[in-house]
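Every read-out reported here was derived from the displayed coordinates using simple, explicitly stated rules and does not represent laboratory data. Everything numeric in this text was worked out from a predicted model, so none of it was measured. No Cβ is skipped: glycine too gets one built from the backbone with ideal geometry, and neighbour counts run over all protein chains shown.
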Amino acid sequence: MLRAMPADAASLLAQRLKAEREARGWSLAELAERSGVSKAMISKIERDEVSPTAALLGRLSGAFGLSLSQLLARVEHGAGQLLPAAAQPLWSDPETGFTRRAVTPAGGPPTPLELVEGVLPPGRSVDYPAAAFAFIQDQQILLLEGRLDFTQGASRHEMHPGDCLRLGPPAPCRFHNPGTAACRYLVALLRR
């Protein structure tokens, strides 16, 4: 069974986002400019007044030069080489119901490889800006269950279980589940 992030995960995430911004010496305005997220929204997120969506976290993590997995791992402070399924951080987008599970253990020596499982409810979509992919050298999506329409820039791909898609150069992306059941997929990414 998967476990969600700790009960105070929203507060820890808010603190981590502020710490990442301050570690770079950025003002709220500078992070807003780099991420495309409004200064007011960033301020609300950092004060733990709102829970960010997957799209917002994608923009913010991309501005920091981090993947969403890296950002969430910094919140979790995971360690060790084996990360049992029950201990893998699970994050849910409050707007779409999309869940993201960080599969790659955060402990040990740094690795440029990350594995992430996504589950997207039927009829839902998650959009990411090109900036969320700018620091990724290679990325592939393996559809495990359901159906997934994946759009990257002008290219649209209808995916079925077992299909594997290798992404092209960074471009805005959309994950859309056109089916009547949740779709589950694995993302393998290699950071620069």
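Tabulated values for the structure
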| item | result |
| --- | --- |
| Net +/- balance of residues flanking P178 in space, Cβ distance below 12 Å, scoring K and R +1, D and E -1 | +2 |
| Whole-number percent relative contact order across the chain, with pairs defined as alpha carbons under 8 Å at least 6 apart | 20 percent |
| Burial ordering of R124, R59, R101, fewest other beta-carbon atoms within 10 Å first | R124, R101, R59 |
| Formal net charge of residues neighbouring E158 (Cβ-Cβ distance under 11 Å; K, R +1; D, E -1) | 0 |
